[in-house]
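The values are calculated or read from the model by the stated rules, or taken from the named source; none is laboratory data. Please read all numbers here as calculations on a predicted model, not as lab measurements. Positions of Cβ are generated from backbone atoms using ideal geometry, with glycine treated the same way; all protein chains shown enter the neighbour counts.
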């Protein structure tokens, strides 16, 4: 029993450096800032659509009618401002949860108009975890202004593990959904996947877009789609195994990342957060990515003189 408890503790509450979760916070925050800011005008246009098309989902499921565009723009501006605070790690105990919740509301509202963008879910879920945990104890304004613990601790490990678990669960559910469909295990035989690729290519052509040439080349080779189907199912259903071992997790993440690039080349479907590898960042020692910015982050991470004085007085 003690051995099982020790294994569970090491699995879910490993000691990790505060810089690891800080690196994930900064990376996710920068992506969210780019994602929302780039779509500022588009989001406003969607919010100005006829109320007939408003079908509330997610965090705004309770709304009976859409809000005015003026109020929606205030929501977007507030989200972007809090996004900057989230990246900087300023008053994270307040701004972290506030930004995470506003981003959830903003994107839920956006998805309530004619189309749901499921690719947003991973980013929002990860930011929710980062927003409600101690993700700003390093490389942040908070760390610069106050004396914050820098040693490795389980308080920084369990949120990272939770991000990994949420990520793995999303892929497992995607694989399970395929098995729960009419085809069941026959999905891996390749016929269904090939038909899906062909239908997507035809749709793009009918809409005046260009379809990937690779899709036309692969269509004549059913065995390739069978191989892709088998590998995809292994990656998706095997996702929970990535939580059992750090190296296994990194290996799984690399394969899942490659799967998304394959989807891009074959179907020209862009999952930006996934393609950038940010969804898998928690499976790796993310703090090492900051090596090129080491000097700057060292200055940010230095204890503020006022905090040193306060510590001495205490």
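State yes or no: is residue 160 modelled with pLDDT of 90 or more and either assigned by TED's automatic domain parsing to the domain that holds residue 124 or over 20 Å from residue 286 (Cα atoms) (or both)? Don't jump to the end; show me each part of the working.
Numbers: modelled with pLDDT of 90 or more: yes; either assigned by TED's automatic domain parsing to the domain that holds residue 124 or over 20 Å from residue 286 (Cα atoms) (or both): no.
It is false that residue 160 is modelled with pLDDT of 90 or more and either assigned by TED's automatic domain parsing to the domain that holds residue 124 or over 20 Å from residue 286 (Cα atoms) (or both).
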Out of curiosity, is residue 139 in the same structural domain as residue 27 (by TED's automatic domain parsing) and at positive phi? yes
Please enumerate the residues belonging to region 125-141 that are under 16 Å from the mean Cα position of the chain (by Cα) and surrounded by fewer than 21 Cβ atoms within 10 Å (Cβ to Cβ). 125, 128, 132
Name every residue in region 41-70 that is assigned to a helix (DSSP H, G or I) and in contact (Cβ under 8 Å) with a residue 40 or more places away in the chain, in order of residue number. 43, 46, 47, 53, 58, 59, 60
When region 114-141 is checked residue by residue, the ones that are farther than 22 Å from residue 170 by Cα and either in a helix (DSSP H, G or I) or at pLDDT below 90 (or both) are 114, 141
I'd like to know if region 159-174 contains one or more residues that are without any contact (Cβ under 8 Å) to a residue 24 or more places away in the chain, loosely packed, with under 15 Cβ neighbours inside 10 Å and in a helix (DSSP H, G or I). yes
Breaking point among (1) at pLDDT below 90; (2) more than 17 Å from the chain's Cα centre (by Cα); (3) not in a helix (DSSP H, G or I), for residue 144: (3)
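Based on this model, can you work out whether residue 266 counts as within 16 Å of the chain's Cα centre (by Cα) and outside the structural domain of residue 120 (by TED's automatic domain parsing)?
On the way: within 16 Å of the chain's Cα centre (by Cα): no; outside the structural domain of residue 120 (by TED's automatic domain parsing): yes.
Spelling it out, it is not the case that residue 266 is within 16 Å of the chain's Cα centre (by Cα) and outside the structural domain of residue 120 (by TED's automatic domain parsing).
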